[in-house]
Amino acid sequence: MHWYDSQAKLVTSVPRADGKGEREPTLRDARKLDLRPSVTTILTIIARFGLVDWQIEQAIKAALSHPSPLAALTEEFDKARIRQIKDEAREYTNWAASFGTEVHQAISAEHAGGTAFLGHVGAREIVDGFWLWQKHSLLRITESERAFVCNGGWAGTVDILGTYDSKPILVDLKTREGHEVYEADALQLAGYALGLGFEGQRASVTISRETPGDIEVRLWDENDRWDQAWLHTWGLWKQLKRWEG
(Lines give C-alpha, C1' and ligand atoms only; values in the text may rest on other atoms or scores of the structure.)
Protein backbone atom coordinates (compact mmCIF):
# COMPACT_ATOMS: atom_id res chain seq x y z
CA MET A 1 0.00 0.00 0.00
CA HIS A 2 1.08 3.57 -0.69
CA TRP A 3 0.32 6.46 1.64
CA TYR A 4 0.82 10.22 1.36
CA ASP A 5 0.95 12.94 4.00
CA SER A 6 -0.99 16.22 3.80
CA GLN A 7 1.81 17.80 1.74
CA ALA A 8 1.58 15.10 -0.95
CA LYS A 9 4.79 13.47 0.20
CA LEU A 10 4.95 9.70 -0.17
CA VAL A 11 5.42 8.03 3.21
CA THR A 12 7.30 4.78 2.64
CA SER A 13 8.27 3.88 6.21
CA VAL A 14 7.55 4.50 9.89
CA PRO A 15 9.72 3.75 12.95
CA ARG A 16 9.37 0.34 14.56
CA ALA A 17 7.89 0.31 18.05
CA ASP A 18 11.10 -1.20 19.48
CA GLY A 19 13.19 1.55 17.90
CA LYS A 20 15.06 -0.95 15.73
CA GLY A 21 14.79 0.41 12.23
CA GLU A 22 11.70 1.12 10.17
CA ARG A 23 8.84 -0.74 8.49
CA GLU A 24 6.16 -0.11 5.90
CA PRO A 25 3.14 1.85 7.18
CA THR A 26 -0.09 -0.03 7.80
CA LEU A 27 -3.72 1.05 7.73
CA ARG A 28 -3.48 1.61 11.48
CA ASP A 29 -0.45 3.87 11.00
CA ALA A 30 -2.28 5.80 8.30
CA ARG A 31 -5.16 6.54 10.66
CA LYS A 32 -2.79 7.61 13.43
CA LEU A 33 -0.63 9.82 11.18
CA ASP A 34 -3.53 11.25 9.13
CA LEU A 35 -2.19 9.82 5.86
CA ARG A 36 -4.11 9.52 2.61
CA PRO A 37 -4.38 6.35 0.51
CA SER A 38 -3.04 6.41 -3.02
CA VAL A 39 -5.18 5.79 -6.08
CA THR A 40 -3.40 2.46 -6.65
CA THR A 41 -3.97 1.44 -3.03
CA ILE A 42 -7.69 2.09 -3.38
CA LEU A 43 -7.80 0.01 -6.56
CA THR A 44 -6.51 -3.07 -4.74
CA ILE A 45 -10.07 -3.79 -3.56
CA ILE A 46 -11.25 -4.66 -7.07
CA ALA A 47 -10.31 -7.69 -9.13
CA ARG A 48 -8.02 -6.59 -11.94
CA PHE A 49 -8.64 -9.50 -14.25
CA GLY A 50 -5.95 -8.57 -16.74
CA LEU A 51 -3.33 -8.59 -14.01
CA VAL A 52 -4.67 -11.82 -12.52
CA ASP A 53 -4.64 -13.51 -15.93
CA TRP A 54 -1.03 -12.42 -16.50
CA GLN A 55 0.00 -13.70 -13.05
CA ILE A 56 -1.64 -17.06 -13.79
CA GLU A 57 0.27 -17.18 -17.07
CA GLN A 58 3.58 -16.67 -15.23
CA ALA A 59 2.70 -19.49 -12.83
CA ILE A 60 1.94 -21.81 -15.76
CA LYS A 61 5.25 -20.94 -17.41
CA ALA A 62 7.09 -21.62 -14.15
CA ALA A 63 5.30 -24.97 -13.82
CA LEU A 64 6.17 -25.98 -17.37
CA SER A 65 9.84 -25.29 -16.69
CA HIS A 66 9.86 -28.21 -14.21
CA PRO A 67 10.13 -31.49 -16.15
CA SER A 68 8.96 -33.96 -13.49
CA PRO A 69 5.27 -34.86 -13.94
CA LEU A 70 3.07 -34.15 -10.93
CA ALA A 71 1.69 -37.70 -10.97
CA ALA A 72 5.13 -39.11 -10.16
CA LEU A 73 5.56 -37.04 -7.02
CA THR A 74 4.81 -37.81 -3.42
CA GLU A 75 2.31 -35.56 -1.68
CA GLU A 76 4.98 -33.78 0.37
CA PHE A 77 7.27 -33.28 -2.61
CA ASP A 78 4.31 -32.10 -4.61
CA LYS A 79 3.55 -29.40 -2.02
CA ALA A 80 7.19 -28.32 -1.97
CA ARG A 81 7.25 -28.13 -5.75
CA ILE A 82 4.07 -26.06 -5.86
CA ARG A 83 5.61 -23.62 -3.37
CA GLN A 84 8.72 -23.42 -5.55
CA ILE A 85 6.68 -22.74 -8.68
CA LYS A 86 4.68 -20.03 -6.90
CA ASP A 87 7.91 -18.43 -5.67
CA GLU A 88 9.40 -18.46 -9.16
CA ALA A 89 6.27 -16.91 -10.66
CA ARG A 90 6.17 -14.28 -7.92
CA GLU A 91 9.84 -13.51 -8.49
CA TYR A 92 9.15 -12.74 -12.14
CA THR A 93 6.09 -10.58 -11.44
CA ASN A 94 8.11 -8.64 -8.85
CA TRP A 95 10.90 -8.19 -11.39
CA ALA A 96 8.43 -6.88 -13.98
CA ALA A 97 7.02 -4.36 -11.46
CA SER A 98 10.54 -3.25 -10.50
CA PHE A 99 11.51 -2.90 -14.17
CA GLY A 100 8.47 -0.73 -14.84
CA THR A 101 9.15 1.47 -11.80
CA GLU A 102 12.74 1.99 -12.92
CA VAL A 103 11.65 2.98 -16.42
CA HIS A 104 9.07 5.43 -15.01
CA GLN A 105 11.61 7.02 -12.68
CA ALA A 106 14.18 7.35 -15.45
CA ILE A 107 11.70 9.07 -17.78
CA SER A 108 10.77 11.51 -15.01
CA ALA A 109 14.38 12.22 -14.06
CA GLU A 110 15.50 12.75 -17.63
CA HIS A 111 12.53 14.97 -18.42
CA ALA A 112 13.65 17.18 -15.53
CA GLY A 113 17.15 17.37 -17.01
CA GLY A 114 18.73 14.86 -14.67
CA THR A 115 20.26 11.46 -15.14
CA ALA A 116 19.03 8.06 -14.07
CA PHE A 117 20.83 4.91 -13.03
CA LEU A 118 19.26 1.93 -14.72
CA GLY A 119 20.18 -1.36 -13.09
CA HIS A 120 17.86 -3.69 -15.02
CA VAL A 121 19.22 -5.27 -18.15
CA GLY A 122 17.48 -3.73 -21.15
CA ALA A 123 15.96 -0.79 -19.27
CA ARG A 124 18.22 1.81 -20.90
CA GLU A 125 17.14 0.69 -24.37
CA ILE A 126 13.47 0.93 -23.37
CA VAL A 127 13.90 4.45 -21.96
CA ASP A 128 15.86 5.61 -25.02
CA GLY A 129 13.17 4.07 -27.21
CA PHE A 130 10.53 6.07 -25.35
CA TRP A 131 12.31 9.36 -25.97
CA LEU A 132 12.82 8.59 -29.65
CA TRP A 133 9.13 7.70 -29.96
CA GLN A 134 8.05 10.78 -28.03
CA LYS A 135 10.12 13.08 -30.25
CA HIS A 136 8.11 12.01 -33.29
CA SER A 137 4.74 11.61 -31.57
CA LEU A 138 1.91 14.03 -30.83
CA LEU A 139 2.73 13.92 -27.10
CA ARG A 140 4.41 16.92 -25.50
CA ILE A 141 5.36 16.67 -21.83
CA THR A 142 5.07 19.70 -19.56
CA GLU A 143 5.28 17.95 -16.18
CA SER A 144 6.10 14.49 -14.88
CA GLU A 145 5.63 12.71 -11.55
CA ARG A 146 3.08 15.23 -10.25
CA ALA A 147 2.10 14.29 -6.69
CA PHE A 148 -1.19 15.50 -5.22
CA VAL A 149 -3.53 15.22 -2.25
CA CYS A 150 -7.14 16.16 -2.94
CA ASN A 151 -10.04 17.37 -0.82
CA GLY A 152 -11.84 14.15 -1.70
CA GLY A 153 -9.47 12.31 0.59
CA TRP A 154 -7.12 10.36 -1.67
CA ALA A 155 -3.69 11.01 -3.15
CA GLY A 156 -1.38 9.87 -5.90
CA THR A 157 1.33 10.65 -8.42
CA VAL A 158 0.55 11.31 -12.08
CA ASP A 159 3.13 10.13 -14.59
CA ILE A 160 2.74 12.85 -17.21
CA LEU A 161 0.81 16.06 -17.77
CA GLY A 162 1.12 17.71 -21.15
CA THR A 163 -0.58 17.97 -24.51
CA TYR A 164 -1.49 15.47 -27.21
CA ASP A 165 -2.17 16.93 -30.63
CA SER A 166 -2.11 20.33 -28.87
CA LYS A 167 -4.88 19.34 -26.41
CA PRO A 168 -4.33 18.99 -22.63
CA ILE A 169 -3.74 15.40 -21.58
CA LEU A 170 -3.12 13.35 -18.45
CA VAL A 171 -1.03 10.24 -19.11
CA ASP A 172 -0.43 7.07 -17.15
CA LEU A 173 2.53 5.01 -18.39
CA LYS A 174 2.26 1.23 -18.37
CA THR A 175 5.31 -0.95 -19.02
CA ARG A 176 3.94 -4.27 -20.24
CA GLU A 177 4.74 -7.22 -22.47
CA GLY A 178 2.04 -6.18 -24.92
CA HIS A 179 -0.37 -3.29 -25.34
CA GLU A 180 -3.41 -4.55 -23.50
CA VAL A 181 -5.36 -1.99 -21.49
CA TYR A 182 -7.98 -2.70 -18.85
CA GLU A 183 -10.90 -1.07 -17.09
CA ALA A 184 -8.73 -0.59 -14.02
CA ASP A 185 -6.47 1.66 -16.14
CA ALA A 186 -9.41 3.96 -16.87
CA LEU A 187 -10.38 3.96 -13.19
CA GLN A 188 -6.84 4.91 -12.21
CA LEU A 189 -6.88 7.84 -14.64
CA ALA A 190 -10.26 8.93 -13.24
CA GLY A 191 -8.81 8.97 -9.72
CA TYR A 192 -5.94 11.13 -10.93
CA ALA A 193 -8.09 13.49 -12.98
CA LEU A 194 -10.65 14.04 -10.21
CA GLY A 195 -7.90 14.40 -7.63
CA LEU A 196 -6.16 17.10 -9.66
CA GLY A 197 -9.31 18.73 -10.98
CA PHE A 198 -7.97 18.05 -14.46
CA GLU A 199 -10.23 18.52 -17.46
CA GLY A 200 -8.90 17.14 -20.69
CA GLN A 201 -7.89 13.97 -22.46
CA ARG A 202 -6.82 10.88 -20.54
CA ALA A 203 -4.51 8.27 -21.95
CA SER A 204 -2.81 5.02 -21.09
CA VAL A 205 0.54 4.86 -22.86
CA THR A 206 1.76 1.27 -23.01
CA ILE A 207 5.52 0.74 -23.33
CA SER A 208 6.72 -2.68 -24.43
CA ARG A 209 9.48 -3.89 -22.12
CA GLU A 210 10.60 -6.31 -24.79
CA THR A 211 10.91 -4.09 -27.89
CA PRO A 212 12.44 -0.59 -27.56
CA GLY A 213 10.25 2.06 -29.16
CA ASP A 214 7.18 -0.19 -29.34
CA ILE A 215 4.69 2.18 -27.75
CA GLU A 216 0.96 2.74 -28.14
CA VAL A 217 -1.47 5.44 -26.94
CA ARG A 218 -4.97 4.54 -25.78
CA LEU A 219 -7.17 7.62 -25.50
CA TRP A 220 -10.07 6.99 -23.13
CA ASP A 221 -13.54 8.39 -23.62
CA GLU A 222 -16.68 8.38 -21.45
CA ASN A 223 -14.90 10.29 -18.69
CA ASP A 224 -18.12 10.85 -16.74
CA ARG A 225 -18.75 7.11 -16.63
CA TRP A 226 -15.27 6.35 -15.32
CA ASP A 227 -15.50 9.22 -12.81
CA GLN A 228 -18.67 7.77 -11.34
CA ALA A 229 -17.11 4.32 -11.24
CA TRP A 230 -14.08 5.73 -9.43
CA LEU A 231 -16.22 7.48 -6.82
CA HIS A 232 -18.10 4.24 -6.18
CA THR A 233 -14.78 2.40 -5.83
CA TRP A 234 -13.54 5.03 -3.38
CA GLY A 235 -16.74 4.76 -1.39
CA LEU A 236 -16.48 0.97 -1.27
CA TRP A 237 -12.85 1.16 -0.13
CA LYS A 238 -13.83 3.50 2.72
CA GLN A 239 -16.65 1.19 3.79
CA LEU A 240 -14.50 -1.93 3.74
CA LYS A 241 -11.61 -0.27 5.56
CA ARG A 242 -13.83 1.69 7.99
CA TRP A 243 -12.07 4.79 6.77
CA GLU A 244 -13.35 8.14 8.01
CA GLY A 245 -11.06 10.38 5.95
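The values are calculated or read from the model by the stated rules, or taken from the named source; none is laboratory data. Not measured: the values here are computed from a predicted model. Counting neighbours? That spans all protein chains shown, and the Cβs are built from the backbone with ideal geometry, glycine included. Note: accessible area is taken over every heavy atom of the protein model, side chains too, but ligands, DNA and RNA are not part of it. Shrake-Rupley method; radii C 1.70, N 1.55, O 1.52, S 1.80 Å.
Here are the numbers for this structure:
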| item | result |
| --- | --- |
| Which of Lys9, Lys61 is most accessible, then next, and so on - probe 1.4 Å | Lys9, Lys61 |
| Whole-percent carbon and sulfur share, accessible surface of the chain, 1.4 Å | 51 |
| Neighbour net charge for His111 - beta-carbon separation under 9 angstrom, K R +1, D E -1 | -3 |
| Shape of region 82-218, Cα gyration tensor, a/c cut at 1.5 | oblate |
| Gaussian network model of the chain, springs between alpha carbon atoms under 10 Å - residue of Val11, Val127, Val158 with greatest fluctuation | Val11 |
| Cα-based shape type of the chain, given that a ≥ b ≥ c are square roots of the gyration tensor eigenvalues and the cut on a/c is 1.5 | oblate |
| Region 29-46 - phi-based ³J(HN,Hα) in whole Hz, Karplus 6.51/-1.76/1.60, Gly and Pro as x | 4, 4, 5, 5, 9, 6, 8, 10, x, 7, 4, 5, 5, 4, 6, 5, 7, 9 |
| Within-14-Å neighbourhood charge of Glu210 [Cβ basis; K, R +1; D, E -1] | -2 |
| Too-long pairs where the Cα-Cα distance tops 26 Å, listed order kept, from Lys61/Lys135; Lys9/Lys135; Lys135/Lys167; Lys86/Lys241 | Lys61/Lys135; Lys9/Lys135; Lys86/Lys241 |
